[in-house]
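Input: one structure, supplied below.
The values are calculated or read from the model by the stated rules, or taken from the named source; none is laboratory data. None of the values given here were measured: they were computed from a predicted structure. Here Cβ is always computed from backbone atoms with ideal geometry, including for glycine, and neighbour counts include all displayed protein chains. To get the accessible areas, we keep the full protein, side chains included, count just its heavy atoms, and leave off ligands, DNA and RNA. Shrake-Rupley method; radii C 1.70, N 1.55, O 1.52, S 1.80 Å.
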Amino acid sequence: MAKTTTTFTCSACGASSNKWSGRCDGCGDWNTISEDTGLSTSGPSGKASKSIGARRGSTIELTDLATEEAPPPRTHSGMNELDRVLGGGLVPSSAILVGGDPGIGKSTLLLQAAAQFANAGLKTIYVSGEEANAQVRMRAKRLGLADAPVKLAAETNLRNILTTLEVEKPQLVIIDSIQTMWSDTVDSAPGSVSQVRSAAHELTTFAKRNGISVVLVGHVTKDGQIAGPRVVEHMVDTVLYFEGERGHQFRILRAVKNRFGPSDEIGVFEMTGRGLSQVTNPSALFLSERGEPSPGSVVFAGVEGTRPVLVELQALVAPSPHSQPRRTVVGWDGGRLAMILAVLESRCGIPFTGLDVYLNVAGGMKISEPAADLAVAAALVSAREDSALPEGAVVFGEISLSGALRPAPQTENRLKESQKLGFTSAIAPTGGKTIDVNGISLNQMGDLTAFVGEVFGAG
Ligand code: TYD
Ligand code: MG
C-alpha cells in the first residue's frame, strides 16, 4: 500500500519540511507554509528509495563528450520576437514555461503562437483550464486567427488530458494554466504546490517520452499566495517571463533560462486592440515619448541578449519633508540605486541626504544590466544639479564601489544602435577594445569623478 505522508510546503519557494513553522527556512517569507497531504513523491516512481546495495541496477552506456551532435531541428512560428527568445524557433520535445502576472497577456500570446505554429505545420492542441472553448474561439476571432488549424479543449483533469494526447499525438500542446490542472494522484486542491509540481512533472515527462513540445502557462502572484511557477522552473528546458506595466502597452518576453539558446534574450510586443503585435525596433518605441533634453533625463544604450535597446532613464530629486528620505525605483534594482547613491556621495562628494530620489525607466521596461550604472548616476546628478546632458548623447558603463568605471560588453552594438537612432555622442568607460563607429563621437572616462566634473562641472 502506498504510504501517505504529511509534509509542509512553502507556497512561495516550494521548500518542504516535516514540521510547520511561521517562517520558511528556504526563502524567509512569513505565513507561506501550509500542510500538504498527498502520496509521497520522494522518487519519480512515487516509492521511497531503498538502499542501493539491496538491489543492483544495470550498467549505463557511457558516451564520449566529444561526440558530434547535430543541432536540434527548429520550427519557426514566423513571429521573430518569439522565435528569437526561444533561441531560434521551437525545439521538438521541449518543455517551456511561460510565467507572468494575471492579465498581462499570456493567453493572448500563446493563442497567437499556437495559431502560428499550427499554420507552420505543427499539430497543435490548446488546452484551457480557465476559459470555455467559446471564449477562446471568440478571442481567436478577435485576433483574426479563427481559421488556424488549432485544436481546442477546455479541461482541467490531467488524466483525461494525457490520455487525449496519447491518442491525438500532437507535436505541440499548450496548457493554460498549470495552476488549474488537477491530478488525481495527489489529493490536494488545484493550484497548491504539490498539485502544480505533480501536474508539471507528469506533463513534461509524458511530453518528452512522446516527442511532444509542451508549453505551460504559469501565473505569478507577487505575494506568493498561489504556488508560483518557481517550483516548475527546474523541470522545464526553457523559462520565459512575460512582463510589462498595466498602464503601458509594451510587453516584454524575457528568457530567464534556456537549454536551447541564450538566456538573456528579449522579445518586445505591443498590446493592441487586435492582440499582440511585434515591435521590431524597440528603441524607437521606448524613446518615442521623449521631448527636449531635460534635467534628470538620460538615454541609456543598453543590450538585452543579442540586441541593443535604447531606453530613457528619468530621475527626480527633491528636498524631502520626511526624516527618512524616499528612494523609489521603477524598472531597476533598488539595492543598486542605493549603491550608486553611496558611491556618488563618498567618491564624488555629492550627497543626497535630505533629498527624496525617484528613478524611473520609461516605457515600462525593466533593466538589470550593470552597464546602466553610469546612466543612472548621470540621471541622478543631472536631476540634482538641474542641468541637462548634452543633446544627442547616450550613456553606458558599470560603476565599481571605488568609483572606477568598467567597460561594458558589446560596445560596438550599443554605438551602432545609437547612431541609427540619430544620437551623435556616447559617454562610456575607458578600456576595452577601441571602437570607431561613424557618426558617433565616443567620450571615454576612467572614473565617476572625472565624469561628474566633465559633464556637469560638479564634484
Ligand atoms: P490575457 O491574455 O487574458 O492575460 P493572461 O492570460 O496573462 O491572464 O490578456 C488579458 C488582457 O489583454 C485583457 O486585459 C485585455 C487585453 N487584450 C487586449 O488589449 N487586446 C486583445 O486583443 C486581447 C485578446 C486582450
Ligand atoms: Mg490567461
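If only one of Lys106, Lys141 is touching a residue at least 60 places away in the same chain (Cβ under 8 Å) and either within 12 Å of ligand 1 (Cβ to nearest atom) or within 19 Å of the chain's Cα centre (by Cα) (or both), which one is it?
Result of the check over Lys106, Lys141: Lys106.
Kindly check whether there is at least one residue in segment 61-78 that is touching a residue at least 60 places away in the same chain (Cβ under 8 Å) and within 16 Å of ligand 1 (Cβ to nearest atom).
Scanning segment 61-78 turns up no residue that is touching a residue at least 60 places away in the same chain (Cβ under 8 Å) and within 16 Å of ligand 1 (Cβ to nearest atom).
Another question, if that's okay. Considering each residue of segment 157-174, count those that are among the β-branched types (Val, Ile, Thr) and open to solvent by less than 50 Å² (accessible area, probe 1.4 Å), and give that number.
3
Pull up segment 158-190, narrow it to residues that are within 26 Å of Leu90 (Cβ to Cβ) and assigned to a strand (DSSP E or B), then point me to the one that is farthest from ligand 2 (Cβ to nearest atom).
Leu172
Could you identify the single residue in Asp147, Asp64 that is outside the structural domain of Ala199 (by TED's automatic domain parsing) and away from ligand 2 (no atom under 16 Å from the Cβ)?
It is Asp64.
For (1) outside the structural domain of Ile174 (by TED's automatic domain parsing); (2) out of contact with any strand residue (DSSP E or B) (no Cβ under 9 Å at 6 or more places or on another chain), each residue gets a yes or a no:
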residue: Asn210; (1), (2): no, yes
residue: Gly218; (1), (2): no, no
residue: Val232; (1), (2): no, no
residue: Phe250; (1), (2): no, no
residue: Lys257; (1), (2): no, no
residue: Ser263; (1), (2): no, no
residue: Val298; (1), (2): yes, no
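With respect to the numbered conditions (1) more than 26 Å from Pro72 (Cβ to Cβ); (2) within 16 Å of ligand 1 (Cβ to nearest atom); (3) open to solvent by 10 Å² or more (accessible area, probe 1.4 Å); (4) part of a helix (DSSP H, G or I), which one is the sole condition not fulfilled by Glu131?
Here Glu131 meets the rest and fails (4).
Would you check which residues across segment 307-353 are among the polar types (S, T, N, Q) and assigned to a strand (DSSP E or B) and list them?
Listed by number, the residues that qualify are Gln314, Thr328.
Go through His248, His201 for me and flag whichever is modelled with pLDDT under 90 and either away from ligand 2 (no atom under 16 Å from the Cβ) or more than 27 Å from Asp29 (Cβ to Cβ) (or both).
His248
What is the residue count in segment 288-317 for residues that are open to solvent by less than 30 Å² (accessible area, probe 1.4 Å) and either more than 27 Å from the chain's Cα centre (by Cα) or more than 21 Å from Arg254 (Cβ to Cβ) (or both)?
Final tally of qualifying residues: 6.
Something else: Being of a type in the set (Phe, Trp, Tyr) and either within 29 Å of Pro72 (Cα to Cα) or open to solvent by less than 10 Å² (accessible area, probe 1.4 Å) (or both), is that true of even one residue in segment 175-183?
Taking segment 175-183 as the starting set, the residues that turn out to be of a type in the set (Phe, Trp, Tyr) are 182.
Remaining after also requiring either within 29 Å of Pro72 (Cα to Cα) or open to solvent by less than 10 Å² (accessible area, probe 1.4 Å) (or both): none.
Looking through segment 175-183, none of the residues is of a type in the set (Phe, Trp, Tyr) and either within 29 Å of Pro72 (Cα to Cα) or open to solvent by less than 10 Å² (accessible area, probe 1.4 Å) (or both).
Sticking with this structure for a sec: Kindly indicate whether Ala146 is of a type outside the set (Lys, Arg), in contact with a helix residue (DSSP H, G or I) (Cβ under 6 Å, 6 or more places away or on another chain), modelled with pLDDT under 95 and open to solvent by 30 Å² or more (accessible area, probe 1.4 Å).
Judged against the criteria, Ala146 is a match.
I'm told Arg84 meets every condition in (1) exposed (fewer than 10 other Cβ atoms within 10 Å of the Cβ); (2) at pLDDT 90 or above except one. Can you identify the failing condition by its number?
(1)
Next question, about the same structure. Filter segment 383-424 for residues that are open to solvent by 70 Å² or more (accessible area, probe 1.4 Å), more than 12 Å from Ser283 (Cβ to Cβ) and free of Cβ contacts under 8 Å to residues at least 40 places away in the same chain and give the result.
Arg406, Glu412, Thr424
A quick yes/no check of all residues on (1) open to solvent by 10 Å² or more (accessible area, probe 1.4 Å); (2) farther than 20 Å from Arg259 by Cβ; (3) within 16 Å of ligand 2 (Cβ to nearest atom):
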position	(1), (2), (3)
Gly88	yes, no, no
Leu97	no, no, yes
Gly100	no, yes, yes
Gly103	yes, yes, yes
Asn119	yes, yes, no
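If you go through segment 247-304, how many residues are closer than 24 Å to Arg230 by Cβ and either of a type in the set (Lys, Arg) or in contact with a Cys (Cβ under 9 Å, 6 or more places away or on another chain) (or both)?
Counting residues in segment 247-304 that are closer than 24 Å to Arg230 by Cβ and either of a type in the set (Lys, Arg) or in contact with a Cys (Cβ under 9 Å, 6 or more places away or on another chain) (or both) gives 4.
Let me ask you something else. Yes or no: Pro262 open to solvent by 20 Å² or more (accessible area, probe 1.4 Å) and farther than 30 Å from Gly354 by Cα?
Spelling it out, Pro262 is indeed open to solvent by 20 Å² or more (accessible area, probe 1.4 Å) and farther than 30 Å from Gly354 by Cα.
Using the structure shown, decide if Arg142 is within 16 Å of ligand 2 (Cβ to nearest atom), among the charged types (D, E, K, R) and either out of contact with any strand residue (DSSP E or B) (no Cβ under 7 Å at 6 or more places or on another chain) or on the phi > 0 side of the Ramachandran plot (or both). Give the steps one after another, and end with the answer.
Working: within 16 Å of ligand 2 (Cβ to nearest atom): yes; among the charged types (D, E, K, R): yes; either out of contact with any strand residue (DSSP E or B) (no Cβ under 7 Å at 6 or more places or on another chain) or on the phi > 0 side of the Ramachandran plot (or both): yes.
Criteria met by Arg142.
Please tell me if Val193 is in contact with a strand residue (DSSP E or B) (Cβ under 7 Å, 6 or more places away or on another chain), open to solvent by less than 30 Å² (accessible area, probe 1.4 Å), modelled with pLDDT of 95 or more and away from ligand 2 (no atom under 16 Å from the Cβ).
When the stated conditions are applied, Val193 does not pass them.
Are there any pairs with C-beta distances below 6 angstrom linking a residue in segment 247-276 that is within 19 Å of Leu90 (Cβ to Cβ) to a residue that is within 16 Å of ligand 2 (Cβ to nearest atom) and basic (Lys, Arg), with the two at least 6 apart or on different chains, and if so which?
Every condition considered, the pairs that remain are Phe269/Arg251.
Residue-by-condition table, conditions (1) closer than 25 Å to Ile350 by Cα; (2) assigned to a helix (DSSP H, G or I); (3) among the acidic types (Asp, Glu); (4) not assigned by TED's automatic domain parsing to the domain that holds Pro308:
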{"residue": "Val381", "(1), (2), (3), (4)": "yes, yes, no, no"}
{"residue": "Leu401", "(1), (2), (3), (4)": "yes, no, no, no"}
{"residue": "Ala408", "(1), (2), (3), (4)": "yes, no, no, no"}
{"residue": "Ser418", "(1), (2), (3), (4)": "no, yes, no, no"}
{"residue": "Lys433", "(1), (2), (3), (4)": "no, no, no, no"}
{"residue": "Asn438", "(1), (2), (3), (4)": "no, no, no, no"}
{"residue": "Ala450", "(1), (2), (3), (4)": "yes, yes, no, no"}
